[in-house]
Amino acid sequence: MSDLQRAAAFAGVGLLSLAAPAVTRPTPRTAAVLAATPFLAVAAYALFFAERGRTFELFARRGDYEEGRLLGLGGFALAGAGVAALAAGSSLPATVFVMSVFALTGGRVVATLAGRSLSHEFLLMAAFSVGALGWALVGGYAALVVEARRVVTTSPALAPTLLVFLAATAAIGAGLLRAMLFERDDPLVVVSVTLLLWLFVELDVTVPPSRLGVGLAVTVLLGYVAYALGTASVSGMLTGVLLALFAIVLGGYGWFALLVTFFGVGGLAAKYRYDEKAARGIAEENEGARGSGNVLANSAAALGAIIAFAASQGVYPAAAPAFRFAYAGAVAAALADTLSSEFGGLFDGPRLVTTLEPVDPGTDGAVTWQGELFGLLGAGIIAGLAAISFGLGPLATGVIVLGGFTGMTVDSLLGATVEGGRVGNQGVNFLATLAGAVACGVLATLL
C-alpha cells in the first residue's frame, strides 16, 4: 500500500476519538470505559489478531513486518484509549483530545500527499502544519457538535478564538515533536499535545482575535525568514514559532518584540565570522543554525514566565508585573550570553571566570573583557525594548540590564565549574536564563 493510503487509514482510526465527546456520564468510570473501548478493540486486533493480508499491508510500517504485528497501529490505538478514558472521566475536555488526534493524523495525510511532488524539508513541514491546523479545526468543531447532542454536557465551552489558538498550538506542537522524534513515537505526540492544550484550557486564557490573527501571520513569516537565513533548523524554527505565538497571544506585542529580537540578533551573531569561530572551536554546530534544544534551553524560562503571567491574570493580578520582569530578565540573559560568547570568543586573551587565569579560546567558563561589554550591550538592547514596550522608567530598565548581566555571569560560572560533567551546555543555558528571570523578578518586586 502507498504511504498516502496508510496515512489516510490512520486518520480513519483517529475518527474514533469522537466517541469521547459522544458518551454520556452515568459515572466517570463507565464513561471512560465507553470512550476507550473503540480504541482498545483496534489495539487488540493490531497486536494479537492481525494477519498478513490487505488490512495488514494497509497499516504496516517497516518494523511491523519483522514482528508480524501492527505495532505502530497498536501503540497509536493504546495511546488513544488512554487519553480518551481520561477525557471522558476527568476535567480534560474531549474537544482537546479530538483536536490533538486530528492534528497528527490530518497533518500526516497532507504532508504525505505533498511529499509526492515536494522534497524540501521546510515545505513538507509547512504542508504538515497546514493540514494539521485545518483538520484539528474540523475535529474541534465536530467534537463540539457531537457533545451538544448529549443531554448533559460537562465540558467547558471553548470560545472560537481559543479553539483556533488551540488548533494552531496542536499543529505546530505536533510538527515539532514529529521533527524531533520518530514515526513510531506518534503515541507520545498525541499524549504530549493533549496535555499542552489541556494546560491552556485550565489557565482559562483570553485570546484576543486581533492578536491571534497577527500572531499567526507574523510568527509564520518570521519562522520562514529564520530558516531561509540559516539561523535555525526546521525543529528550531518550529520551536521559535510556537514560543513567539505564545508571546503574542498570552503576553502581547511587546513580549513578542523582546523574543523576536533575541532570535534575530542572536541568530545573526552565531553566523558572524563563522569560519573563524569554527577554527577557534567556539562555533555553534550546523553552521550556526539553532536546533530545538538550543532554542528551548534559551527560551524555557521565558516561556514559563509567559504562562505564569497569563495564569496570574485571573488568580492573583498583583503578581503579573513580577512575571513580566522575569520574562524580560530571561530574554536579556539569553541575548547577553549569546553576544558575549559569539563576539567575545573572537578576541584573544580569554581568562577563566573563577580564577582569572589565561585559558585557550573555547574553554568552558572563559571570558574576555570585550565579551562582557557585548553581553551588557545585549542586555541593554532587551532592556531598552522593554522600556518602550512596557513604559518603564530608568530604575526598572536598569533592573532588566542587571538581570541580564546576572544570567550571563551565572552561565560563565556554571561553565567553569559543572559544564561538561553533570550539566550539559543546554542545561547551563537554561539555568542561566532562569537566574536572569529570578534576579529580575525579585529585584523588581523589592524596588
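Arrange the following residues from fewest to most other Cβ atoms within 10 Å of their Cβ: Val98, Val249. Walk me through the numbers before you get to the answer.
Details: Val98 32, Val249 28.
In order of increasing Cβ crowding within 10 Å: Val249, Val98.
Based on Cα positions only, what radius of gyration and what Dmax would you give for region 3-204, in angstroms?
My reading of the Cα-based Rg and Dmax gives 16.4, 51 Å.
Working out 0.36 nm times the residue gap between Thr206 and Asp360, then minus their Cα-Cα distance, what length gain in nm do you get to one decimal?
Numbers: separation 154, 0.36 × 154 = 55.44 nm, distance 5.14 nm.
Length difference between fully extended and current span is 50.3 nm.
Net charge around Gln5, counting only other residues with Cβ within less than 14 Å of its Cβ (Lys, Arg = +1; Asp, Glu = -1)? Spell out each step's value before the answer.
Details: positive: Arg6, Arg54, Arg61, Arg108, Arg116; negative: Asp3, Glu57.
Summing Lys and Arg as +1 and Asp and Glu as -1 gives +3.
Give the calculated FRET efficiency between Arg61 and Ala228 to the nearest 0.05, with a Förster radius of 30 Å applied to their Cβ-Cβ distance. Display every interim value, and only then the final one.
Working: r = 33 Å, r/R0 = 1.09.
Efficiency, from the Cβ-Cβ distance: 0.40.
For the chain, take every pair of Cα atoms, bin their distances at 20 Å starting from 0, and report each bin as a whole percent.
25, 49, 25, 2
Please report, in whole Å, how far the alpha carbons of region 50-163 spread along each principal axis, starting with the longest.
So the extents along the principal axes, rounded to whole Å, are 46, 35, 19.
Label Ala318 and Val214 with points 7 Å out from Cα along Cα→Cβ: what is the distance between them in nm?
For the pair Ala318/Val214, the computed spacing is 3.1 nm.
So, R0 is 35 Å and r is the distance between the beta-carbons of Ser2 and Tyr274; what FRET efficiency does that work out to, to 0.05?
Efficiency at R0 = 35 Å is approximately 0.25.
With a point put 7 Å past each Cα toward its Cβ, work out how far Leu395 is from Val442 in nm, to one decimal.
Here the modelled spin labels are 1.9 nm apart.
Using the number of other C-beta atoms within 10 angstrom as an exposure proxy, rank Trp369, Trp135, Trp198 with the fewest first. Mind showing how you got there, number by number?
Values: Trp369 12, Trp135 26, Trp198 21.
Final ranking by Cβ density, sparse to dense: Trp369, Trp198, Trp135.
Roughly how far apart, in whole Å, are the Cα centres of region 17-66 and region 104-118?
23 Å
Quick one: Cα convex hull volume of region 243-446, Å³ per residue?
Details: hull volume 22.7 nm³, N = 204.
That works out to 111 Å³ per residue.
Find the relative contact order for the chain and round it to a whole percent, using C-alpha pairs within less than 8 Å whose residues are 6+ positions apart. Provide the component values of the computation, followed by the final result.
Working: 767 pairs, mean separation 51.0, N = 447.
Computed value for the chain: 11 percent relative contact order.
In nm, give the distance between the simple-model label positions of Ala159 and Asn425, each being 7 Å from the Cα along the Cα-to-Cβ direction.
Here the answer is 4.2 nm between the modelled labels.
Order these peptides, 358-366, 45-53, 83-91, by their mean beta-carbon neighbour count within 10 angstrom, highest first.
Numbers: 358-366: 16.9, 45-53: 13.6, 83-91: 23.2.
For the peptides 358-366, 45-53, 83-91, the packing ranking is 83-91, 358-366, 45-53.
Could you list Met180, Met237, Met408 so that the one with the fewest beta carbons within 10 Å of its beta carbon is first and the one with the most is last?
So the ranking, lowest neighbour count to highest, is Met180, Met237, Met408.
Rounded to the nearest 20 debye, what is the charge dipole size of the chain about its Cα centre when +1 sits on each Lys and Arg Cβ and -1 on each Asp and Glu Cβ? If you can, show how the numbers build up before the last one.
On the way: 23 positive and 27 negative charges, 288 e Å.
Result for the chain is approximately 1380 debye, rounded to the nearest 20.
Lys and Arg at +1, Asp and Glu at -1: add these up for the other residues within a Cβ distance under 15 Å of Ala50 and post the number.
Working: positive: Arg6, Arg52, Arg54, Arg61, Arg69; negative: Glu51, Glu57, Asp64, Glu66, Glu67.
So the surrounding residues net to 0.
Any idea what the dipole of region 243-446 comes to, in debye rounded to 20, about its Cα centre with Lys/Arg Cβ at +1 and Asp/Glu Cβ at -1?
On the way: 8 positive and 14 negative charges, 123 e Å.
With Lys and Arg at +1 and Asp and Glu at -1, about 580 debye.
Rule-based calculations on the coordinates, nothing more; no lab input. Being a predicted model, the structure only gives us computed values, none of them experimental. Here the Cβ is made from the backbone with ideal geometry for all residues, glycine too, and neighbour counts use every protein chain on show.
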